Amino acid sequence: YINNIIQLGFLTMFVTALPIAPLLCVFVNFWLLRNDATRYIKRVRRPVGHRSNGIGSWMNILEFLCRVAILVNAVLIAFTFDYLPNLLYQTTVNTENNTLGGYVDFMLASYTYKSTDTDGNTINKTCRYWSYIQPASDENSKFWLQLMVIRMLFVFLYQNIIWLVIRVIELLIDSTPKTVKERMALEEKLADEWLTDSEDEEVDDKTLEKLRQRIASKVSEQRKDKDT
């Protein structure tokens, strides 16, 4: 499962940076599915199926990866998107008309340096860039402090709300389908009946194969009865 886990990790953690990534993964996985189907049918020997209770430790890795993905997406949204700075600017700085007038000039940092023109005169020039590292005034320092608090609060609320929604969905939707539960109950019942009927017999591969065939025939009979 390692290839699928790596793909899921990149997809869930950085989907905000490339929203078209899920669509690309659909096409890639569809091609891989058809390629594997052709390979198993025409090129290699049919694999032998084995019973398993799940995917083992990979499930724990998936759960951990989902938790990390929620946190990474929360940080990306809070620190790279302009929604929170825009909202804070409208409500604290430009409170008269609640618009973004002067927002770009307010957010750009400035750096003043000396330059010499063609006549040999020294002049001061200012460079503007998207950051804020120069000494700030009291008003701007308060704005950046409030923005950092809002970003951290957004990360905290975002990840906890998403985790809460996931837990509610897990409680409402059973991980085991109803048909699978019925099949498991039938297999357990037939196994108990077989063990009580043949307590003195030796259990070998042939006997277990007969039990599997008996269970499969019972399941097929039940399906036919439901269809009719």
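Output the relative contact order of the range 1-149, whole-number percent, from Cα pairs under 8 angstrom with separation of 6+ residues. The value is 18 percent.
The order of the peptides 154-165, 104-115 by mean Cβ neighbours within 10 Å, most packed first, is 154-165, 104-115.
All of the numbers you see were taken from the coordinates with simple rules; none came from a lab. A quick note: this is a predicted structure, and the numbers were derived from the prediction, not measured. Cβ atoms come from the backbone with ideal geometry, glycine included; neighbour counts cover every protein chain shown.
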